[in-house]
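Take a look at the structure set out below.
Any read-out appearing in this document is the output of simple, stated calculations on the displayed coordinates, not a laboratory observation. Source: prediction; values computed, not measured. Every residue, glycine among them, receives a Cβ derived from its backbone with ideal geometry; neighbour counts consider all protein chains shown.
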Amino acid sequence: MSIANNINTIKSSLPEQVTLVAVSKTKPVSDLMEAYNAGQRIFGENKIQEMTDKQEQMPKDIEWHMIGHVQTNKVKYMAPFVSLIHGVDSFKLLKEIDKQAAKNNRVIDCLLQMHIAEEETKFGLDTTELDEILKHIQNDNSFLKNIRIIGLMGMATFTENEAQIKKEFLHLSSIFNKHKELKTENFKLETLSMGMSGDYELAISCGSTMIRIGSSIFGSRNHQ
Ligand SMILES: *Cc1c(COP(=O)(O)O)cnc(C)c1O
């Protein structure tokens, strides 16, 4: 199967409200161009340097999503062009994104990453930390003018146990639904980013509106 075929097959199976992010980390620009020529315009990368290199070489109508963990000191490199940052997991990071977005006269869309997996190593907020961020946002609207929180993101435990994955997706979905009514100028939950190659159908059935697919489009990766 070619990259174009893979994209078309996946896309034709998706409900209308679900957005496909093609996760192109570690793959060469030639592979990304194959996806681009098949109509794909949203690409996800997890390393800033790699994303910036590809952004410079590729057509400018692409939306670049940062799906990996973001270090505060790296935000400035992507602030000029990034269209969605999936892995926002601290208030400190949110403030830095706001600052760098302001410098670029932009408003940058963000997703708050929730920790839903069993593994300690996966990044993300717990519900207490989420509530604290929400409190900041509700109490004072005069700051963070250059970010918009448009949704949540999460990664399930790496396991074969579908019941476990489902439980985690439903947990994230319930957090999402719980805060859907809260709307401020820079907070409105519309996007739920969950599901990868192995579990995206399950994720969609649990309420996902954005899936991040790498290996099912580009083939397996040699290194992370
Ligand atoms: C690599 C990666 C993906 C894609 O994984 P596949 O299993 O190859 O589809 C999705 N989300 C994140 C955060 C990733 O790092």
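Go ahead and estimate [θ] at 222 nm for the chain from helices alone: -39,500 (n - 2.57) per DSSP H run with n ≥ 4, summed, over the residue count, rounded to 500.
Helices in the chain give a 222 nm mean residue ellipticity of -11500 deg cm²/dmol.
Report the calculated FRET efficiency for His69 and Ser30 (r = Cβ-Cβ distance, R0 = 45 Å), to the nearest 0.05.
The value I calculate is 0.95.
Could you compute the FRET efficiency for Gln138 and Ser83, with r as their C-beta to C-beta distance and R0 at 22 Å, rounded to 0.05? If you can, show how the numbers build up before the last one.
Numbers: r = 26 Å, r/R0 = 1.18.
Rounded to the nearest 0.05, the efficiency is 0.25.
Say the cut-off is 18 Å between C-alpha atoms; which of Lys99/Lys122; Lys92/Lys145; Lys27/Lys166; Lys95/Lys145; Lys27/Lys74; Lys135/Lys188 go over it?
Check vs 18 Å cut-off fails for Lys99/Lys122; Lys27/Lys166; Lys27/Lys74.
From the C-alpha coordinates alone, can you work out the Kirkwood hydrodynamic radius of the chain, in Å?
17.8
Rg and Dmax of the stretch 42-138, using alpha carbons, in Å: what are they?
13.8, 41
Set the Förster distance to 35 Å, then compute FRET efficiency between Val107 and Lys166 from the Cβ-Cβ distance, nearest 0.05.
Computed FRET efficiency for Val107 and Lys166: 0.50.
List residues of the stretch 180-224, by number, whose backbone nitrogen lies under 17 Å from a label position 7 Å along Cα→C-beta of Phe123.
Only 193-195, 212, 224 fall inside the zone, counting backbone N under 17 Å.
Whole Å is fine, so just give me how far the alpha carbon centre of the stretch 124-190 lies from that of the stretch 1-75.
23
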